[in-house]
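Written below as structure tokens is the structure these notes are about.
The values are calculated or read from the model by the stated rules, or taken from the named source; none is laboratory data. All values derive from a computational prediction rather than experimental measurement. Here the Cβ positions follow ideal geometry from the backbone for every residue, glycine too, while neighbour counts run over all protein chains shown. Heavy atoms of the whole protein, side chains included, go into the accessibility calculation; ligands, DNA and RNA do not. Shrake-Rupley method; radii C 1.70, N 1.55, O 1.52, S 1.80 Å.
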Amino acid sequence: MSEMSFEQMLEDSFKTIRNGEVVEGTVINVKPDEIALNIGYKSDGIITRSEYTNDSNADLTTMVQPGDTMQAMVIKVNDGEGQVLLSYKRMLAERGNQRLREAFENQEVLTAKVAQVVNGGLSVVMDEARIFIPASLVSDTYERDLSKYNGQEISFVITEFNPRRRRIIGDRKQLLIAQKAKMQEELFSRIQIGDVMEGTVKNVTDFGAFIDLGGADGLLHISEISWGRVENPKKVFKPGDVVRVFIKDINDKKIALSMKFPDENPWNDAAEKFAVGNVVTGRVARMTDFGAFVELEPGVDALLHVSQIAREHVDKPSDVLQIGQEIEAMVVEFREEEKKISLSMKALLAPEKSEKKAAESDEDFADVDIEAVGKEMEAADEE
């Protein structure tokens with residue numbers, strides 16, 4: 001048997017490597033744009049800046065020191081200059097892909113920071129492996145602007161894994177749906193009619209506001225916002241407001257809310273405050289041809305009939321009064337069960353006519369058909 005040459009024995013003493021293999025070595029030299037690594041092979045391994053980091057301006061001397069031990073993936077056994085070309089980034093990406101594969105197979109929930117908001121969704125990076133979350137899978141509600149997610153940590157599951165086609169798809173929407181379903185179940189298990197709760201205004205419409213109760217939304221109808229008249233909920237609430245409400249009704253998964261707390265009902269002490277003969281102050285809230293409705297306090301309106309505005313004849317209330325005007329009048333009728341109050345400004349005016357004329361004028365109110373006026377008031381309320 002022929003003896004091996006020294007060169008052959010030296011070469012055989014080195015391990016063999018192949019493309020795609022992960023090797024470990026010791027840093028022997030670092031330049032701003034390159035790392036030299038002793039990997040126990042006949043040639044040193046080289047990691048360029050672009051194969052170490054995505055930062056094209058990074059100074060590698062501040063990131064790696066001679067003597068450090070690190071791993072990298074073999075890209076080329078011979079880069080043409082007798083050196084082994086290595087990649088730290090690709091090694092991390094391969095490990096990241098393996099991590100994502102396991103997460104995909106086990107339907108594991110992952111959490112990572114959004115690296116970039118891209119056209120059509122979000123880009124998330126884990127160990128150099130990139131996951132794309134389409135806009136339709138970012139939230140359980142439509143969101144036009146996704147910029148608020150940039151740099152945020154979000155949780156998701158992998159629903160499609162195909163690294164060869166660079167197609168790794170994440171889904172955040174299903175987690176939100178599942179979370180809300182659980183919160184909804186917990187909420188309905190503990191709430192009942194009459195419960196007082198705090199909620200957050202989620203959306204405001206012309207007919208009311210939707211309040212997030214922490215698991216389900218409740219509807220606060222415009223008629224339940226206040227004991228007084230509310231013209232437009234958008235003038236009262238804005239999204240994000242925290243409100244105190246009570247549950248008025250629960251019908252399957254629908255929750256009706258109210259802010260008209262019984263102990264705050266202005267009619268509770270109305271009999272005393274607005275007894276016949278009391279002089280009261282109010283604001284003209286609205287007018288009809290037969291009279292003006294005066295708000296004595298939120299939730300308590302009274303009718304000032306056109307015949308009771310002045311001692312002289314008045315054709316229409318709008319000829320004398322204005323919306324928003326504050327007036328003083330005497331309560332001449334109080335019907336608690338029907339929640340009807342009638343006022344008279346004329347009763348406070350000093351007589352300026354003969355006794356006969358004054359008597360005729362005072363009889364104007366007595367001639368009013370109370371039942372007909374009541375129907376007119378009800379019709380006006382419905383409007």
- From the set of residues in region 59-84 that are part of a strand (DSSP E or B) and touching a helix residue (DSSP H, G or I) at 6+ places or on another chain (Cβ under 8 Å), which is surrounded by the most Cβ atoms within 10 Å (Cβ to Cβ)? ALA72
- Query: Looking only at residues in region 15-49 that are polar (S, T, N, Q) and in contact with a strand residue (DSSP E or B) (Cβ under 9 Å, 6 or more places away or on another chain), which one is most open to solvent (accessible area, probe 1.4 Å)?
  - Reply: ASN19
- Could you say which residue among LYS234, LYS238 is surrounded by fewer than 16 Cβ atoms within 10 Å (Cβ to Cβ), in contact (Cβ under 8 Å) with a residue 12 or more places away in the chain and either outside any loop (DSSP other than H, G, I, E, B) or among the hydrophobic types (A, V, I, L, M, F, W, C) (or both)? LYS234
- Query: If ARG244 passes every condition in (1) open to solvent by less than 70 Å² (accessible area, probe 1.4 Å); (2) in a strand (DSSP E or B); (3) at pLDDT 95 or above but one, which one does it miss?
  - Reply: (1)
- Inside region 138-159, can you point out the residues that are in contact (Cβ under 8 Å) with a residue 12 or more places away in the chain, open to solvent by 20 Å² or more (accessible area, probe 1.4 Å) and outside any helix (DSSP H, G or I)? ASP140, ASN150, GLY151, GLN152, GLU153, SER155, THR159
- Message: Just the residues that are touching a helix residue (DSSP H, G or I) at 6+ places or on another chain (Cβ under 8 Å) and free of Cβ contacts under 8 Å to residues at least 60 places away in the same chain, please, taken from region 301-314.
- Response: LEU304, VAL306, GLN308, ILE309, ALA310, ARG311, VAL314
- Taking strands (runs of 3 or more DSSP E) that fall entirely within region 253-336, which contain at least 2 residues that are surrounded by fewer than 19 Cβ atoms within 10 Å (Cβ to Cβ)? 254-258, 279-287, 291-297, 326-335
- Query: Quick one: which of GLU153, GLU105 is out of contact with any strand residue (DSSP E or B) (no Cβ under 7 Å at 6 or more places or on another chain) and not basic (Lys, Arg)?
  - Reply: GLU105
- Residue count, region 342-356, condition outside any loop (DSSP other than H, G, I, E, B) and either open to solvent by 40 Å² or more (accessible area, probe 1.4 Å) or modelled with pLDDT under 95 (or both), comes to 5
- Query: What single numbered condition from (1) touching a residue at least 24 places away in the same chain (Cβ under 8 Å); (2) open to solvent by less than 50 Å² (accessible area, probe 1.4 Å) fails to hold for ALA135?
  - Reply: (1)
- Restricted to region 163-222 and to residues being charged (D, E, K, R), in a loop (DSSP other than H, G, I, E, B) and more than 20 Å from the chain's Cα centre (by Cα), the residue surrounded by the most Cβ atoms within 10 Å (Cβ to Cβ) is ASP195
